[in-house]
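Chemist: Quick one: structure below, then a few questions.
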Amino acid sequence: MCEGDPRDKTSWSGTMYMMYSSLIKLGHDVEWLPATQYSHSEINFIEKIASVHEKVLNRTFNRYQNLTKAFIASKRTKQKLENLKFDLLFVSNAINDIAFLNIKQPIIYVNDTLYDQHINYYPAYQGLGWYSKKILRFIEHKALRKCKAVLLPSEWSIERAKSFYKLSKNKVHLLRFGANIDVPIKEDFQPKELTNPITFLFLGVEWKRKRGYLALETIELLAKKGYNVELKVVGCIPPVKSDLLNVIPFLNKNNPKEYQQLKNILNSSHFLFVPTEAECYGIVFSEASAYGLPSISTATGGVRSVVKDNVNGFALPLKATPEDYVNSIEPFLVDKEKFKNLSINSRKRYEEALNWNVWRSKLKTILDSIN
């Protein structure tokens, strides 16, 4: 069960497609059950509740996870499942649909983080009133308690699940997400070597949250120091102009030509540079590692579960300045062998931990223990 079609390579950045494919590769028959969609009248009713809440408390109402949606979704999901024969319900993200759901079959839940961790971290969850926070956590706790297994990709989320929701270590499992893109096979992989221009890749649709401006300021400083550098932006249009920018607004993975273009860009770039302000995990770092592309990012959220300092890149503190990034990047620009080793270790990190084969193997162990 998930919101977007798992056969679509763009659904949740391709993560649902990879999970769906993994379940099939394990020999299971998989049927997609769409997460609940709400009618206009239901949305209007929720908006009326939100309006009263915001007038009384002068704080934002959570329109995503709330009691009205949870009651509607759980009831509707129960009705859908009554007409289906199945052995297990695999749920991605849809806590509203299972919070008040009672079925005899086991439920496995997967997400890139806990919704509790969105509070005051992601823009959509800023300024929530105390009631919305309490209800979100109530719904999430109810949903997680329904599950036989909870799969999360980062230590950041795993520790929160254990400490805040008191989930046992037997229920919560660390399964890092892999790369949602075709990658070079081991025999064909060639480590990166520095060539001019040195291409720093900013891959993402949110320029502001992923702090593209910080990446650009860093590249500008490197250029002033005499380095032949460029910032290649894929996925968004920066609100600024610069001769150092090379912008490709959007590439669709479902389009074979554009999909190949994306792979070519990963092949030809030297660094992935996404100094994000908030990140649950960061599939893009797994993808970069698969291509031997060292990742430069921020030590926030689940990033540190993907990016290991001096292994497949480095993640600086949230308060790091462009000068701090320059100081961390420059040693790899002046020492080509050091850069090449970082590229080799990036690919090694992918092969050992950041791929869907590892994810699928761990999932099989969990499924076997449930069955």
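The values are calculated or read from the model by the stated rules, or taken from the named source; none is laboratory data. Being a predicted model, the structure only gives us computed values, none of them experimental. Quick reminder, even Gly has a Cβ in these numbers, built from the backbone with ideal geometry, and neighbours come from all protein chains shown.
Chemist: Just give me the residues in region 202-258 being in a helix (DSSP H, G or I) and among the aromatic types (Phe, Trp, Tyr), in sequence order. Break it down into steps so the answer makes sense when it comes.
Modeler: Filtering region 202-258 for residues in a helix (DSSP H, G or I) gives 212-224, 256-258.
213 - this is the single residue of region 202-258 that is in a helix (DSSP H, G or I) and among the aromatic types (Phe, Trp, Tyr).
Chemist: Determine which member of the set 156, 130 is of a type in the set (Phe, Trp, Tyr) and either without any contact (Cβ under 8 Å) to a residue 24 or more places away in the chain or buried (at least 17 other Cβ atoms within 10 Å of the Cβ) (or both). Working first, answer last.
Modeler: Working: 130 fails: either without any contact (Cβ under 8 Å) to a residue 24 or more places away in the chain or buried (at least 17 other Cβ atoms within 10 Å of the Cβ) (or both).
Matching residue, one of 156, 130: 156.
Chemist: Consider only pairs whose beta carbons are under 8 Å apart and that are at least six residues apart or on different chains; among these, list those whose first residue lies in region 186-197 and is under 9 Å from residue 347 (Cβ atoms) and of a type in the set (S, T, N, Q) and whose second residue is at pLDDT 95 or above and not in a loop (DSSP other than H, G, I, E, B).
Modeler: Listed pairs, sorted by first residue: none to list.
Chemist: Turning to a different aspect of this structure: Across region 159-171, what is the number of residues that are surrounded by 12 or more Cβ atoms within 10 Å (Cβ to Cβ) and out of contact with any strand residue (DSSP E or B) (no Cβ under 7 Å at 6 or more places or on another chain)?
Modeler: Step one: list which residues in region 159-171 are surrounded by 12 or more Cβ atoms within 10 Å (Cβ to Cβ), which gives 159-162, 164-165, 167, 171.
Going one step further and asking which of them are out of contact with any strand residue (DSSP E or B) (no Cβ under 7 Å at 6 or more places or on another chain), we end up with 159-160, 164-165.
Residues meeting the conditions: 4.
Chemist: Only one residue in 257, 232 is farther than 22 Å from residue 336 by Cβ and without any contact (Cβ under 8 Å) to a residue 60 or more places away in the chain. Which one? Talk me through it step by step, then tell me what you get.
Modeler: Values: 232 fails: farther than 22 Å from residue 336 by Cβ.
257 is the lone residue from the list that is farther than 22 Å from residue 336 by Cβ and without any contact (Cβ under 8 Å) to a residue 60 or more places away in the chain.
Chemist: Go through (1) over 20 Å from the mean Cα position of the chain (by Cα); (2) closer than 19 Å to residue 140 by Cα; (3) surrounded by fewer than 17 Cβ atoms within 10 Å (Cβ to Cβ) and name the single condition residue 42 misses.
Modeler: Going through the list (1) over 20 Å from the mean Cα position of the chain (by Cα); (2) closer than 19 Å to residue 140 by Cα; (3) surrounded by fewer than 17 Cβ atoms within 10 Å (Cβ to Cβ), residue 42 breaks only (2).
Chemist: Select from region 52-79 the residues that are assigned to a loop (DSSP other than H, G, I, E, B) and among the basic types (Lys, Arg) and write down the one among them that is farthest from the chain's Cα centre (by Cα).
Modeler: In the first step, residues of region 52-79 are kept if they are assigned to a loop (DSSP other than H, G, I, E, B); the result is 58-59, 61-66.
Filter again for among the basic types (Lys, Arg), leaving 59, 63.
Details: 59: 28, 63: 21 Å.
Checked region 52-79; the qualifying residue farthest from the chain's Cα centre (by Cα) is 59.
Chemist: If the requirement is being touching a Phe, Trp or Tyr at 6+ places or on another chain (Cβ under 6 Å), outside any loop (DSSP other than H, G, I, E, B) and assigned by TED's automatic domain parsing to the domain that holds residue 51, which of these qualifies: 132, 157? Give the derivation first.
Modeler: Numbers: 157 fails: touching a Phe, Trp or Tyr at 6+ places or on another chain (Cβ under 6 Å).
It is 132.
Chemist: Here is a further query. How many residues does region 55-71 contain that are over 22 Å from residue 39 (Cα atoms), surrounded by 14 or more Cβ atoms within 10 Å (Cβ to Cβ) and among the aliphatic types (A, V, I, L, M)?
Modeler: Qualifying residue count for the region: 1.
Chemist: Right, something else. Which residue pairs have Cβ atoms closer than 8 Å, lie 6 or more positions apart in sequence or on different chains, and pair a first residue in region 32-52 that is within 20 Å of residue 99 (Cα to Cα) with a second residue that is outside any helix (DSSP H, G or I) and of a type in the set (Lys, Arg)?
Modeler: Close Cβ pairs (under 8 Å, with a partner that is outside any helix (DSSP H, G or I) and of a type in the set (Lys, Arg)) amount to 32/7; 46/63.
Conditions tested, residue by residue: (1) within 25 Å of residue 122 (Cα to Cα); (2) among the polar types (S, T, N, Q); (3) crowded, with 23+ Cβ neighbours inside 10 Å.
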site: 209; (1), (2), (3): yes, no, no
site: 250; (1), (2), (3): yes, no, no
site: 265; (1), (2), (3): no, no, no
site: 268; (1), (2), (3): no, yes, no
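Chemist: Give the residue, chosen from 299, 315, 278, that is under 22 Å from residue 198 (Cα atoms), surrounded by 14 or more Cβ atoms within 10 Å (Cβ to Cβ) and of a type outside the set (S, T, N, Q). Full working, then the answer.
Modeler: Working: 299 fails: under 22 Å from residue 198 (Cα atoms); 278 fails: under 22 Å from residue 198 (Cα atoms).
None of the other options fit; the residue is 315.
Chemist: In region 97-120, which residue that is on the phi < 0 side of the Ramachandran plot and surrounded by fewer than 17 Cβ atoms within 10 Å (Cβ to Cβ) is farthest from the chain's Cα centre (by Cα)?
Modeler: By that ranking, first place goes to 104.
Chemist: Can I ask one more? Checking residue 140 against (1) farther than 22 Å from residue 5 by Cα; (2) more than 20 Å from the chain's Cα centre (by Cα): exactly one of these is not met. Which one?
Modeler: Only one criterion is unmet by residue 140, namely (2).
Chemist: Just to check your reading of the model, which residue among 304, 347 is touching a Ser or Thr at 6+ places or on another chain (Cβ under 7 Å), among the basic types (Lys, Arg) and either closer than 23 Å to residue 15 by Cβ or crowded, with 24+ Cβ neighbours inside 10 Å (or both)? Give the derivation first.
Modeler: Numbers: 304 fails: touching a Ser or Thr at 6+ places or on another chain (Cβ under 7 Å).
Checking each option against the conditions leaves just 347.
Chemist: Right, something else. Looking at (1) part of a loop (DSSP other than H, G, I, E, B); (2) among the polar types (S, T, N, Q); (3) assigned by TED's automatic domain parsing to the domain that holds residue 125, which one does residue 276 not meet, given that it meets all the others?
Modeler: All conditions are met except number (3).
Chemist: Name the residue that is nearest to residue 289 (Cα to Cα), counting only residues in region 347-371 that are among the hydrophobic types (A, V, I, L, M, F, W, C) and in a helix (DSSP H, G or I). It would help to see each step written out before you state the result.
Modeler: If we filter region 347-371 for residues that are among the hydrophobic types (A, V, I, L, M, F, W, C), which is where we start, we get 353-354, 356, 358-359, 363, 366-367, 370.
Applying the additional criterion that residues be in a helix (DSSP H, G or I) yields 356, 358-359, 363, 366-367, 370.
Numbers: 356: 13, 358: 15, 359: 16, 363: 22, 366: 26, 367: 28, 370: 32 Å.
Top of the filtered list is 356.
Chemist: Determine which single condition residue 368 fails, assuming it passes every other condition in (1) exposed (fewer than 15 other Cβ atoms within 10 Å of the Cβ); (2) in contact (Cβ under 8 Å) with a residue 40 or more places away in the chain; (3) not aromatic (Phe, Trp, Tyr).
Modeler: (2)
Chemist: Taking region 80-96 as the search range and keeping residues that are touching a helix residue (DSSP H, G or I) at 6+ places or on another chain (Cβ under 9 Å) and part of a loop (DSSP other than H, G, I, E, B), which one is surrounded by the most Cβ atoms within 10 Å (Cβ to Cβ)? Before the answer, list the steps.
Modeler: Initially, region 80-96 is screened for residues touching a helix residue (DSSP H, G or I) at 6+ places or on another chain (Cβ under 9 Å), giving 88-96.
This time we only want the ones that are part of a loop (DSSP other than H, G, I, E, B), so: 88, 93-94.
Working: 88: 15, 93: 20, 94: 22.
For region 80-96, the residue satisfying everything is 94.
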